[in-house]
Ligand code: ARG
C-alpha cells in the first residue's frame with residue numbers, strides 16, 4: 001500500500017506552512033496543499049510555490065471568486081444574512097466552499113484525510129469539519145494547530161528547525177481573514193472591547209475624517225435579485241463588488257465593531273471592513289420594501305435571522321438552508337429595479353429607489369389633490385379593527401380591572 005494522502009487547506013501563513021511538515025512527520029502522509037483565491041488579496045501563485053518549497057507533494061490553486069459570489073454570497077444577500085445585526089458573514093460563507101474543494105480534491109487524489117489550520121477556539125474549525133462531513137462522511141479530518149499544543153514560540157522554533165519561512169509580518173499582533181465579501185481583524189489590543197480600534201487595523205476603509213468632503217452617489221441596478229449595474233453600466237458580479245468595496249472604503253464607510261457570540265460559547269470582539277456587503281444588503285432591503293407585500297416584509301426577517309445563524313454555525317450544507325433558499329428565491333422575479341445610495345464621510349444611506357414591480361402607488365400615498373384613497377372607508381375599517389379593543393376596554397371598565 002502506498003503512502004496516505006492528506007489534502008490541506010493551505011493559506012500560506014505560518015500555521016498551515018508548519019502543518020505541511022507536521023503532517024508529513026506525524027502521519028507519514030503525502031500532503032496536497034489546496035488554496036482558493038477568494039479575493040484575499042494574496043498572490044496565490046506565490047502561495048502555491050511556497051507550499052511546494054516546504055515539501056507539499058502537490059499544490060493546487062483555484063480561482064473560486066465567481067463561484068463564491070454566485071453560489072454563496074448571492075443567496076446570503078437574498079436572505080439578508082447578517083449575524084447579530086452586525087456581521088455580513090464573509091468568513092463564515094467561505095468555509096463551506098473551501099470544504100467543497102477539499103472534498104473534491106481528496107476524492108480526485110484518492111486521499112483519505114483532509115486537514116485545516118484552525119485552532120480549537122474558533123468557529124471555522126466547526127464550519128469546515130461539519131461541511132466536510134456533510135459532503136463526504138468517510139473522510140478523516142485532522143486539525144494540526146489544535147493537536148500540536150505549541151505556544152507561538154515553540155511553533156516558530158519548529159519552523160526554523162525545519163526551514164519553513166517565518167514571515168516578518170508576524171510582528172503584527174492581529175489575526176486577519178479576508179475575502180471579497182469582507183475583512184475581519186481580531187487579537188492584539190482589539191481584545192479589550194473598551195478600546196477604540198487603532199487606525200492601523202483598517203486597510204479597506206479610509207478614516208471618515210479624511211474621506212472626500214463631497215458626497216458620492218451610486219445607482220445600483222438589480223435584475224431578478226442580482227446586482228448587475230452601477231450607474232447604468234453592466235458589471236460582472238466580481239467587478240461590481242470590488243468597485244463597491246473601493247468606493248465605500250474611499251468614503252470611510254464599511255467599518256463594524258462587534259462583540260460577537262461564537263459557536264463555542266465565548267464572546268469575542270471583532271472588527272470588520274465590509275463596504276460592499278453592507279451597501280448591497282441595504283440596497284436589497286430597500287428594493288424589497290418597494291416591491292414586496294407587507295406580510296412578506298414583516299415575516300421574512302424571522303427567516304433571515306435563522307439563515308444568518310445557520311451560516312454562522314456551519315450548517316450551510318443542510319436541508320434547512322436549502323429550504324430557506326427556496327423561500328428567499330421565490331421573490332427574485334420581482335427584485336428588479338434601481339436603488340440610489342449616498343456615501344458621505346463614513347455614512348451610507350439609500351436616498352432613492354425605483355422598480356417596474358413597485359407596489360408604491362402615488363395616487364394612494366399622496367396628500368396632494370391627486371389623492372385617490374377613500375378616506376371615509378377608514379371609518380368602518382377602524383370600527384372593525386378596533387372592535388376587540390372596545391370589547392376588552394368595556395370589560396375592564398365594568399370590572400374596574
Ligand atoms: N468572527 C468571524 C467568524 O467567526 C471571523 C473570524 C475570522 N478570523 C480571523 N482570524 N480574523 O466568522
* **Distance between modelled label sites at residue 242 and residue 121, nm, 7 Å Cα→Cβ extension** => 3.5 nm
* To do: Among DSSP beta bridges whose residues both lie in the chain, state the antiparallel percentage, nearest 5.
  => 65 percent
* Hey, could you pull the Cα Rg and Dmax for the stretch 171-241, both in Å? -> 16.8, 47
* Asked: Fully extended, how many nm does the chain gain between residue 203 and residue 392 (0.36 nm per residue separation, minus their Cα-Cα distance)?
  -> 62.2 nm
* Asked: When the chain is modelled as a GNM with alpha-carbon springs shorter than 10 Å, which of 326, 106, 377 fluctuates the most?
  -> 377
* To do: Determine the relative contact order of the chain: mean sequence separation of Cα pairs under 8 Å and six or more apart, normalised by residue count, in whole percent.
  => 17 percent
* To do: Considering only 144, 208, 167, give the residue with the highest GNM mean-square fluctuation for the chain, with springs between Cα atoms whenever their separation is below 10 Å.
  => 167
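Per-residue counts of other Cβ atoms within 10 Å, averaged by peptide: what ranking do you get for 386-394, 54-62, 152-160, highest first?
Final packing ranking: 54-62, 152-160, 386-394.
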* **Distance-filtered residues of the stretch 320-364 - backbone nitrogen under 16 Å, label point 7 angstrom along residue 214 Cα→Cβ** => 342-345
* Can you sort 376, 183, 65 so the residue with the fewest Cβ neighbours within 10 Å comes first? -> 376, 65, 183
* What FRET efficiency, computed as 1/(1 + (r/R0)^6) with R0 = 22 Å and r the Cβ-Cβ distance, is obtained for residue 306 and residue 262, rounded to the nearest 0.05? -> 0.75
* Mind checking Rg over Rh on the chain, alpha carbons, Kirkwood formula for Rh? -> 1.07
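Every number in this text was worked out from the coordinates using simple rules, so none of it is lab data. Model, not experiment: these values are computed from the prediction. Ideal geometry is used to build each Cβ from the backbone, glycine not excepted, and the neighbour counts take in all protein chains shown.
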